[in-house]
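Just below is one structure, and these are the notes that go with it.
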Number of protein chains: 2
Amino acid sequence: MDLIKNLQDYVGSRPEKFFKNTLFHSERLLLGLNCLEPGQVQTPHDHSDQDKFYYVVEGQGHFWLGDDQRVVGKGHVVLAPAGVAHGVKNEGSERLTLLVGIAPAP
Amino acid sequence: MDLIKNLQDYVGSRPEKFFKNTLFHSERLLLGLNCLEPGQVQTPHDHSDQDKFYYVVEGQGHFWLGDDQRVVGKGHVVLAPAGVAHGVKNEGSERLTLLVGIAPAP
């Protein structure tokens, strides 16, 4: 496995559902990309035993986080500790690219 | 704790040693920032039971990873699985800002 990766090589899209790609997967950590085209959504859900973060690489996302909702763009981190429901919708006009980590891996 | 953070609010510098800041800390995951001014270095080391990643937010780093060395810039991920020695030096002329995750937390 190449341990040094250019994120742009892992970006992609699917018409029917948001696109996922894996950068690293061990029992301790899952690190990957979620790419949402305009209008695509990741339905709110939670992980009872895993902490998760999103880092907005490009674009803008409408995030749900527990009872909170916020629209944030590039350069923001969204933290979803175990048990906190989280999801995101791309309401913008450009692709939303998210670096996503889950620990331990699901 | 605010679960949505703008990375730029957590960037900083120290003259004597590279700057660290914590974004999230649980037993499962430590997520933070490492900021290296030109010339600053994080000496190669390893974590025997933790997987680690760096994401280059801005600037360029000379990374050591096991027996490999590579200079990479913004948009790259460097993965250091448990036991793989890793370190980084800022040989450029601008600040190197790294989003860093370690799972489980040290």
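One decimal, nm, shortest first: give the distances between the label point of residue B:48 and those of the same position in the other copies, each label point 7 Å from Cα along Cα→Cβ. The projected label point of residue B:48 is separated from its counterparts by 3.4 nm. Averaging the Cα positions of each part gives two centres, and for the stretch A:1-17 and the stretch A:24-72 these lie 16 Å apart. Position residue A:82: other-copy label points at 1.7 nm, ordered by increasing distance, label point 7 Å along Cα→C-beta. Of the GluC sites (Glu not before Pro) found in the stretch A:1-93, those that fall in a DSSP loop while having at most 10 other beta-carbon atoms within 10 Å are A:16, A:27. The value of relative contact order for the stretch A:31-103, using C-alpha pairs under 8 Å at least six residues apart, is 50 percent.
Suppose R0 equals 41 Å; then what is the FRET efficiency for residue A:45 and residue B:94 from their Cβ-Cβ distance, rounded to the nearest 0.05?
On the way: r = 39 Å, r/R0 = 0.95.
E(calc), rounded to 0.05, equals 0.60.
With a simple spin-label model that places each label point 7 Å from the Cα along the Cα-to-Cβ direction, the separation between residue B:74 and residue B:14 comes to 2.7 nm.
Counting every pair of alpha carbons in the protein assembly as shown, the share spaced more than 32 Å apart comes to 13 percent.
For B:27-35, what's the mean count of beta carbons from other chains sitting within 10 Å of each residue's beta carbon? Can you show the working numbers first?
Numbers: counts 2, 11, 13, 2, 7, 0, 1, 0, 0.
Average neighbour count from other chains, rounded to a whole number: 4.
A Förster radius of 45 Å, combined with the Cβ-Cβ distance separating residue A:62 from residue A:2, puts the computed FRET efficiency at roughly 0.85.
Each residue of the stretch A:84-92 was assigned a 3J(HN,Hα) from its phi angle through the Karplus expression (A = 6.51, B = -1.76, C = 1.60, θ = phi - 60°), giving 8, 5, 8, x, 8, 10, 8, 9, x Hz with x at Gly and Pro. Distance distribution note for the stretch A:26-106: the fraction of Cα pairs above 16 angstrom is 46%.
GNM remark for chain A: springs join alpha carbons under 10 Å apart, and the peak mean-square fluctuation among A:50, A:69, A:60 falls on A:69. Chain B residue nearest by beta-carbon to the axis mapping B to A, with distance in Å: B:103, 2.
Every number in this text was worked out from the coordinates using simple rules, so none of it is lab data. Keep in mind the model is a prediction, meaning the values are calculated, not measured. Here the Cβ is made from the backbone with ideal geometry for all residues, glycine too, and neighbour counts use every protein chain on show.
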